[in-house]
Amino acid sequence: MKIVDFLKEKAINANLKATTKEAVIRELVDLLAKAEGLRNKEELIKVLLNRETLGSTGIGQGVGIPHGKTNVAKELIAAFGICRQGVNFDALDGEPVYLFFLLVAPEDSAGPHLKALARISRLLKDKYFRESLKSLTDEKIILKLIREEDAKKP
């Protein structure tokens, strides 16, 4: 499984404006909704915020992977955003989060959902890749870099 299999090209934002956890989630959901024509944005936001109450999806090293399962999505889909100023996302290491992958899966898709989370985590462990992503300001170049990195790693 590759990130480009589920990351929606039109759901990439190089300059998120959000300053809070909820605002980041709302901004990414808006992005995904526009790209995919999703309805029930509020239901999706509720699912994602409820997931955050179980434990933060801020995994550390400036990375957050808010995710959830809902029938708002018919397939595994993702959005990506960079928040230049960093957001307090209750990350495991206590540091601000700059890079966000929002992952949404249908209710009955445990396997693909977990594989996607693992794939994103694996790629973002690479400090050079994280720093390169953080420095980019053009969505097409962000997608190109993700594609290249995705192709390098099995």
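Counting charges near F89 (Lys, Arg +1; Asp, Glu -1) among other residues having Cβ under 12 Å from its Cβ returns a value of -4.
Here the Karplus relation 6.51 cos²θ - 1.76 cosθ + 1.60, evaluated at θ = phi - 60°, turns the backbone of the stretch 114-131 into coupling constants of 5, 5, 5, 4, 5, 4, 4, 4, 4, 5, 7, 6, 6, 4, 4, 5, 4, 5 Hz, with x for every Gly and Pro. Around the amide H of I12, modelled in the peptide plane, lie the amide H atoms of F80, all under 5 Å away and 5 or more residues distant in sequence or on another chain. Per-residue ellipticity at 222 nm for the chain, helices alone: DSSP H runs ≥ 4 residues times -39500 (n - 2.57), over residue total, nearest 500 deg cm²/dmol? That comes out to -14000 deg cm²/dmol.
For the stretch 103-154, GluC sites (Glu not before Pro) meeting the loop criterion (DSSP other than H, G, I, E, B) and having at most 13 other Cβ atoms within 10 Å: E107.
On the beta carbon distance between R84 and A118, with R0 = 22 Å, the FRET formula returns roughly 0.20.
Counted by Cβ distance under 15 Å from G111, the other residues give a net charge of -1, where Lys and Arg count +1 and Asp and Glu count -1.
Hey, got a sec? Which trypsin sites (Lys or Arg not before Pro) in the stretch 15-102 land in a DSSP loop and have at most 14 other Cβ atoms within 10 Å?
Numbers: sites: K17, K21, R26, K34, R39, K41, K46, R51, K69, K74, R84; in loops: K17, R39, K74.
Filter output for the stretch 15-102: K17, R39, K74.
Net charge around I141, counting only other residues with Cβ within less than 13 Å of its Cβ (Lys, Arg = +1; Asp, Glu = -1)? Every neighbour counted, the sum reads -1. Run the paramagnetic zone check for A110: 7 angstrom along Cα to Cβ, then residues of the stretch 50-81 with backbone nitrogen under 14 Å. Of the residues in the stretch 50-81, 69 have backbone N under 14 Å from the label point off A110.
Please give me, ordered by residue number, the GluC sites (Glu not before Pro) of the stretch 39-94 that lie in loop per DSSP and have at most 14 other Cβ atoms within 10 Å. Mind showing how you got there, number by number?
Working: sites: E42, E43, E52, E75; in loops: E75.
Qualifying residues, ordered by number: E75.
All of the numbers you see were taken from the coordinates with simple rules; none came from a lab. Bear in mind the structure is a predicted one, so any value in this text is a computation, not a measurement. Note: ideal-geometry Cβ built from the backbone for every residue, glycine included; neighbour counts use all protein chains shown.
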